[in-house]
1. Quick one: in the stretch 196-206, of everything that is open to solvent by 10 Å² or more (accessible area, probe 1.4 Å) and touching a helix residue (DSSP H, G or I) at 6+ places or on another chain (Cβ under 6 Å), which residue is nearest to ligand 2 (Cβ to nearest atom)?
2. Looking at the structure I just gave you, is Phe105 in contact with a Cys (Cβ under 9 Å, 6 or more places away or on another chain) and assigned by TED's automatic domain parsing to the domain that holds Gly14?
3. Which numbered condition trips up Thr151, out of (1) within 19 Å of Arg236 (Cβ to Cβ); (2) in contact with a Leu (Cβ under 8 Å, 6 or more places away or on another chain)?
4. Just for the stretch 121-141: of the residues that are assigned to a loop (DSSP other than H, G, I, E, B) and among the aliphatic types (A, V, I, L, M), which one is farthest from Ala203 (Cα to Cα)?
5. Any residue at all in the stretch 177-192 that is open to solvent by 50 Å² or more (accessible area, probe 1.4 Å), under 27 Å from Ala56 (Cβ atoms), over 13 Å from the mean Cα position of the chain (by Cα) and of a type in the set (Phe, Trp, Tyr)?
6. I'd like the residue in the stretch 258-303 that is modelled with pLDDT under 60 and among the basic types (Lys, Arg) and, out of all such residues, is farthest from Arg58 (Cα to Cα).
7. Provide a single number: the residues in the stretch 191-241 that are touching a residue at least 40 places away in the same chain (Cβ under 8 Å) and on the phi > 0 side of the Ramachandran plot.
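The values are calculated or read from the model by the stated rules, or taken from the named source; none is laboratory data. If you're wondering where the values come from, they're calculated on a predicted model, not measured in any experiment. Cβ atoms come from the backbone with ideal geometry, glycine included; neighbour counts cover every protein chain shown. With ligands, DNA and RNA removed, areas are computed over all heavy atoms of the protein, side chains included. Shrake-Rupley method; radii C 1.70, N 1.55, O 1.52, S 1.80 Å.
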Amino acid sequence: MNAQELKRYAREKGADLVGIAPIARFESLRPERSPISIFPECRSVIVLGRRILRGALRGVEEGTNFNSTYGMFGFRWLEDNFLSRTTYDVTCHIESHGFEAVPLFGYAPDGMPVGHPVAEGKPAPNVIVDLDFAAQAAGLGEIGLGGFFLTPEYGPRQRFALILTDCVLEPDPVIEKRLCGDCGACADACPFGAIDVEKKVIAGVPGHQMEVATIDYRVCRSCPNGAMAGPGRGDRPDRGAAACARACVVRLEEAGKLANKFENRFRKRKPWALDLFHRPIGADEAGNPAYLGCAARADAREK
Ligand code: SF4
Ligand code: SF4
């Protein structure tokens, strides 16, 4: 089994994205977030992705259907059924070739249950691998200023799962930041100022790190503009269909940066927005919510 054959098999099983990182790229991660803690003999980390259909965002973009469009096909079913199935099939395939393979979901660690270390020197279970780091290490894309993982194919529209294996596979090169132009559209689209582009943190693979805005997920948890929670996922809300991520889709598509192209533009009408009490709030001419100084922030950045 080699990398090319494995990728072909993964795509046959529904993967839209497949990348491979050597385990050496994870040495900088702390044990609580590292695949090495889960499988010390791991030699390769395989990152599998399935796209979030642009059409799965449509109901949220129009503000008329949240759950049977994105909630199922873009979030819970996509992650827990479609992507899980792809991951399981690829894992079985690797083990059929005599290599151990550990399938892992791609949930965020925030608020996930933490137990007690079972022995000295071991991190407490459950270790949850830093997914954005893994996807970047596997050469699939970059972490955008707004905290979304961006791929050249779909921008922020995908979900990932991982497989750790003791099989040595040819790795993919890490790609540099080239999609996110720090445009700030994600921050401008947030009615609550939850994306602080003035306060950045450094994230990503050493030697290829990038600046990411601080996200106040406490605010996102109450956001009625497309943020969602899912069962078993801790307390970081999913932002894939929220106003911030849809603004990013619009910006990257308009800039012609994404390989997955469409006949018609995604944004067809002025975006809607709700305040924290779920009351509609207006939008300015640029489509930014006229609330809590979003337009003022955008103006200030342009000066
Ligand atoms: S999920 Fe809502 S509150 Fe959080 S950054 Fe996006 S638009 Fe703002
Ligand atoms: S909207 Fe602009 S700044 Fe925000 S993540 Fe997307 S490309 Fe980067």
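1. Selected residue: Val197.
2. So Phe105 fails the test.
3. (1)
4. Restricting to residues being assigned to a loop (DSSP other than H, G, I, E, B) and among the aliphatic types (A, V, I, L, M), the top hit is Ala124.
5. no
6. Among those residues, the one meeting the criterion is Lys303.
7. Counting residues in the stretch 191-241 that are touching a residue at least 40 places away in the same chain (Cβ under 8 Å) and on the phi > 0 side of the Ramachandran plot gives 5.
Condition check ((1) open to solvent by 30 Å² or more (accessible area, probe 1.4 Å); (2) of a type in the set (A, V, I, L, M, F, W, C); (3) in contact with a Lys or Arg (Cβ under 6 Å, 6 or more places away or on another chain); (4) closer than 28 Å to Arg76 by Cα) across all residues:
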residue: Gly147; (1), (2), (3), (4): no, no, no, yes
residue: Tyr154; (1), (2), (3), (4): no, no, yes, yes
residue: Val168; (1), (2), (3), (4): yes, yes, yes, no
residue: Pro173; (1), (2), (3), (4): yes, no, no, no
